[in-house]
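Accompanying notes for the structure given below.
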Amino acid sequence: MGVSERTARSVFGRLLESGVIGSDSDRGPLYLGFPMYCVGYYFPDLFPTGVN
């Protein structure tokens, strides 16, 4: 990301809290999450933006 470790941890922490990314443990690999509030952004041709 080109930022300090502290900043990266903060950003990833927020993404984890919001469900945009996930992990099975504190040091496990990250995976992409699919929270309902993001489906319009992830799949704009399937769902209108902002639809829950």
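Observations
- Hits in region 3-40 (condition: at pLDDT below 90 and loosely packed, with under 11 Cβ neighbours inside 10 Å): Asp26, Arg27, Met36
- Yes/no for Phe47 being surrounded by 10 or more Cβ atoms within 10 Å (Cβ to Cβ) and either touching a Cys at 6+ places or on another chain (Cβ under 7 Å) or assigned to a loop (DSSP other than H, G, I, E, B) (or both): yes
- Of the residues making up the chain, those that are of a type in the set (A, V, I, L, M) and over 9 Å from the mean Cα position of the chain (by Cα) number 9.
- Reported count of residues in region 6-44, each being touching a Pro at 6+ places or on another chain (Cβ under 6 Å) and in a loop (DSSP other than H, G, I, E, B), is 1.
The values are calculated or read from the model by the stated rules, or taken from the named source; none is laboratory data. Just so it is clear, the model here is predicted, and its values are computed rather than measured. Here the Cβ is made from the backbone with ideal geometry for all residues, glycine too, and neighbour counts use every protein chain on show.
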